Amino acid sequence: MTPAPTHQPAPAGGPGTYRDEWGIPHLWADSADELAFLQGMNAATDRSWQIELERWRSEGRAAEVLGADVVVWDRFARQARLDDTARRCFENLNAATQRWCGQYVAGINQALSDGRRGGPEFEESGSIPEPWNPWTPLGVFLVHHILFSTFPNKLFRAHVARTLGDDAVSLFSIEAPVWSGSNAWAAHGSTTASGLPLIAGDPHRLMELPGVYQQIRLACPEFDAIGFAFPGVPGLPHFAHTGSTAWAITNAMADYQDLFIEELRRVSDFTGERIEARGAEGWEPAVVSSETIRVRDGEAVSVEIIETDRGPVISETPDGGALSLRFPAKVQGRLGFEALLPLLRSQSVSEVERAFDAWVEPVNSVVAADVHGSVRHFVAGLVPQRNPANRRLPAPAFSARHEWEGQYVILPRTEVQQFAVSANDRAAGGGDQVAMEFAPAHRARRIRELLELAPGPLSVDNMQAIHTDTLLGPWPLFRSMLSGLDVQDLSKEAKDLRVLLLDWDGLMEAGSHRTAVFAAWRGALVQRLARHSVLAPLNEPTGYSPLFGPWLSVASRVGFALETLLVRGSELGISVGVEAAAALEDAALEESMLNGAAWGDRHKLLPVHVLPGPLATSAPTADLSGDTGCVLCTESLPGVDDRSFRGPVARYVWDLADRQNSRWIVPFGASGVPGHMHFADQLPLWTAGELTPVVTDWSLLTNDTP
């Protein structure tokens, strides 16, 4: 089939900003550099507070505006040398990419000069935006992804090994680092109604308000692409359709960051005082400096910054030592921004793949297709070759056996003949050669099953429906546990709940009372295990930076590892059956079990707006279907909080036969300004699983050029 033409002629109104009925910006300029300038101006106008907050975070200055609560982040950002890494990565860009990124920043700064960077958050916090540095977009990208990999999980494993013994570490395996839920899938044209490929998916992140992804169109004589941008970052790094190609990513769950246990000493002689770190060759000088964090309504905080030959020191250890962090962007002085312009210009899957050859981190699982019918699935980024033990726990800095070898893993690439499915799972992420843990295979298996069982050739409607599938993947394991319980000593109320659950279909629907019963029982079981005498020592202080508290929460970890603990808890001396029965009794006492409450009554959207006061407390909400373990991964923390603060921050279906048949949605809206008509107008559609059509005809858009 010949695809419908997608590259539209220039709009009659000339260069500028155009919008559809949802306020989504469509930008046209006469060159790629001018378009970057326009994209920067748009980000600074539509998402002014959002991008400035990320800029402050990248520079370790958020406490200047938000106060003492965020000092812990600022300390990490400065110790990890995020702004310095961003500057070095910018300086190492090729000339064309550096100029293009510079034009994006020039657009942001022009918006500031034009007085277009206000907003209620600035008024509420008494702050003002400032001119950006040329490297600030790279710092914003680093902020979004520095905690996106696996190194915080190594802190928890080290805590478990130190507290319960090394053998206990694997019992907390969830076949997943915490917080994975993204999906992407592609169907080859041989399986579709049009005869050309379809791609769909939904990235899974913190439900920030405004959303982390911005729907946008970037068009000039060279290219015409629609997709999702990071406000504050040029281009469309993760999800886009150029008319000739389309691509989508999920986190490959690769382990590419290492923690090293550093032994430091202070030495004084006639040259002054210095700090040395013990490396494989002996004691080495460390690079030391000091910075001051200014704190709104508080005392300034001094931060000592130490960088060893492994990397920057980012935390203390329980025994008074230190941990350094090594990651490819810091080592290489590259982030992968060289891929961004070639992606926008791509005309084939091969060109998409070549563009991603420049990618560094985070390591992504990519599905891509083109109008020629080709579909490919590959992993992009840098995974260092080193001792596999580095993936499990922090490594000793003095051991030569744990040094990076200077080479990077060759990542898998596949030509797809039917379906490609990527859901943070082992098969999609490159397997043992890139990481130790991946997401459970539930979502990936379910998506493939839905693709294979679809009646007739696949359409955009079929792909859209998969987004909202609510079958709970691990339900068979939970049901087996319930079936095998000794019910003799259970109360009548607990027995009744068990009967309800054994009759349940495993669908996490917002309106279902049985789903609420399951959640109450599961939550009670998590709480019982987290308080169990065997696991109680894990609740003692870890000695690590408070920044990593979410990764070190015992109840959260038990909830995520519940499948493993149900099967292997007896190895720790936990009688899981006894605890599961007692959890039924606990659930039976909940008032919500008596009044017929539904899952949506407890599983509500919990958007995060980083500003205290009325702007945060008035955030929109909704009753949600889905949960962790569903394709509709509206994640909660069983036993901690059933509300969902992480979930699908965008959904899309890219049609390679006709781009105007593509669809997309975000949880909130196109505007980042509270009170704006497009601040949260997409939420009802997103909640219902609907998508809005992609409009590319310039004559159907409104010229919004100031």
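The values are calculated or read from the model by the stated rules, or taken from the named source; none is laboratory data. All of these numbers come straight from a predicted model, not from anything done at the bench. Heads up, the Cβs are rebuilt from the backbone with ideal geometry, glycines too, and the neighbour counts pull from every protein chain shown. Heads up: the accessible areas ignore ligands, DNA and RNA and are worked out on the full protein's heavy atoms, side chains in. Shrake-Rupley method; radii C 1.70, N 1.55, O 1.52, S 1.80 Å.
List the residue pairs whose Cβ atoms are under 6 Å apart, where the first residue sits in the range 310-336 and is farther than 17 Å from residue 75 by Cβ, the second is in a strand (DSSP E or B) and among the polar types (S, T, N, Q), and the two are 6 or more positions apart or on different chains.
Close Cβ pairs satisfying both conditions: 310/324.
Take the range 512-550 and flag every residue that is β-branched (Val, Ile, Thr), open to solvent by less than 10 Å² (accessible area, probe 1.4 Å) and within 26 Å of the chain's Cα centre (by Cα).
Once the filter is applied, which keeps residues that are β-branched (Val, Ile, Thr), open to solvent by less than 10 Å² (accessible area, probe 1.4 Å) and within 26 Å of the chain's Cα centre (by Cα), the range 512-550 yields only 526.
Restricting to the range 201-222, name every residue that is among the charged types (D, E, K, R) and open to solvent by 10 Å² or more (accessible area, probe 1.4 Å).
205, 208, 222
Kindly indicate whether any position in the range 238-260 is surrounded by fewer than 22 Cβ atoms within 10 Å (Cβ to Cβ), out of contact with any His (no Cβ under 7 Å at 6 or more places or on another chain) and not hydroxyl-bearing (Ser, Thr, Tyr).
No, that holds for no residue.
Can you name every residue in the range 424-452 that is at pLDDT 95 or above and of a type in the set (A, V, I, L, M, F, W, C)?
444, 447, 450, 451
Limited to the range 561-572, what total is found for residues that are of a type outside the set (Val, Ile, Thr) and open to solvent by 40 Å² or more (accessible area, probe 1.4 Å)?
Matching residues across the range 561-572 total 4.
Take the range 473-498 and flag every residue that is loosely packed, with under 12 Cβ neighbours inside 10 Å and in a helix (DSSP H, G or I).
Listed by number, the residues that qualify are 476, 480, 483, 492.
Can you name every one of the strands (runs of 3 or more DSSP E) wholly within the range 594-685 that holds 1 or more residues which are buried (at least 19 other Cβ atoms within 10 Å of the Cβ), among the aromatic types (Phe, Trp, Tyr) and in contact (Cβ under 8 Å) with a residue 24 or more places away in the chain?
Working: elements: 635-637, 641-648, 651-655, 663-665.
Because the criterion is at least 1 residues that are buried (at least 19 other Cβ atoms within 10 Å of the Cβ), among the aromatic types (Phe, Trp, Tyr) and in contact (Cβ under 8 Å) with a residue 24 or more places away in the chain, the strands (runs of 3 or more DSSP E) in the range 594-685 that meet it are 651-655, 663-665.
Being among the basic types (Lys, Arg) and buried (at least 23 other Cβ atoms within 10 Å of the Cβ) is the filter; apply it to the range 56-77 and report the residue that is farthest from the chain's Cα centre (by Cα).
75
Of a type outside the set (Phe, Trp, Tyr), out of contact with any strand residue (DSSP E or B) (no Cβ under 9 Å at 6 or more places or on another chain) and farther than 21 Å from residue 399 by Cβ, is that true of residue 298?
So residue 298 passes the test.
Might you let me know whether the range 29-42 holds any residue that is under 21 Å from the mean Cα position of the chain (by Cα), at pLDDT 95 or above and assigned to a loop (DSSP other than H, G, I, E, B)?
Looking for residues that are under 21 Å from the mean Cα position of the chain (by Cα), at pLDDT 95 or above and assigned to a loop (DSSP other than H, G, I, E, B), one finds none in the range 29-42, hence no.
Any residue that is under 30 Å from residue 119 (Cβ atoms), in contact (Cβ under 8 Å) with a residue 12 or more places away in the chain and assigned to a helix (DSSP H, G or I) - is there at least one of those in the range 515-538?
No.
Can you list the strands (runs of 3 or more DSSP E) found entirely within the range 146-219 that contain at least 2 residues being in contact with a His (Cβ under 9 Å, 6 or more places away or on another chain)?
183-187, 198-202, 214-219
Answer yes or no: is there a residue in the range 545-562 that is at pLDDT 90 or above, within 18 Å of residue 476 (Cα to Cα), outside any loop (DSSP other than H, G, I, E, B) and in contact with a Phe, Trp or Tyr (Cβ under 9 Å, 6 or more places away or on another chain).
Looking through the range 545-562, at least one residue is at pLDDT 90 or above, within 18 Å of residue 476 (Cα to Cα), outside any loop (DSSP other than H, G, I, E, B) and in contact with a Phe, Trp or Tyr (Cβ under 9 Å, 6 or more places away or on another chain).
Restricting to the range 315-340, what's the tally of residues that are in a helix (DSSP H, G or I), farther than 30 Å from residue 398 by Cα and open to solvent by less than 10 Å² (accessible area, probe 1.4 Å)?
Looking only at that region, the number is 3.
Out of the range 442-461, which residues are among the small types (Gly, Ala, Ser) and over 16 Å from residue 199 (Cα atoms)?
Matches in the range 442-461: 456 only.
Give the range 573-590 a look and list any residue that's in a helix (DSSP H, G or I) and open to solvent by 20 Å² or more (accessible area, probe 1.4 Å), or say none.
Passing the criteria: 577, 578, 579, 582, 585, 586.
I want to confirm something. Restricting to the range 90-122 and keeping residues that are assigned to a helix (DSSP H, G or I), more than 16 Å from residue 132 (Cα to Cα) and of a type outside the set (Gly, Ala, Ser), which single residue is modelled with the highest pLDDT?
The extreme case among them is 97.
If you go through the range 479-495 one residue at a time, how many are in contact (Cβ under 8 Å) with a residue 60 or more places away in the chain and closer than 30 Å to residue 446 by Cβ?
Number of matching residues: 4.
What are the pairs, 6+ residues apart or on separate chains, where a residue within the range 445-472 that is buried (at least 19 other Cβ atoms within 10 Å of the Cβ) has its Cβ under 6 Å from a residue that is modelled with pLDDT under 95?
The qualifying pairs are 462/454; 472/629.
Restricting to the range 352-401, give me the number of residues that are surrounded by fewer than 20 Cβ atoms within 10 Å (Cβ to Cβ), assigned to a loop (DSSP other than H, G, I, E, B) and of a type in the set (A, V, I, L, M).
Of the residues in the range 352-401, 2 are surrounded by fewer than 20 Cβ atoms within 10 Å (Cβ to Cβ), assigned to a loop (DSSP other than H, G, I, E, B) and of a type in the set (A, V, I, L, M).
Any residue in the range 11-32 that's under 14 Å from residue 222 (Cβ atoms): show its pairings with residues that are among the aliphatic types (A, V, I, L, M) at Cβ separation under 6 Å, as long as the two are six or more apart or on different chains.
15/29; 27/38; 27/218; 28/219; 29/35; 29/38
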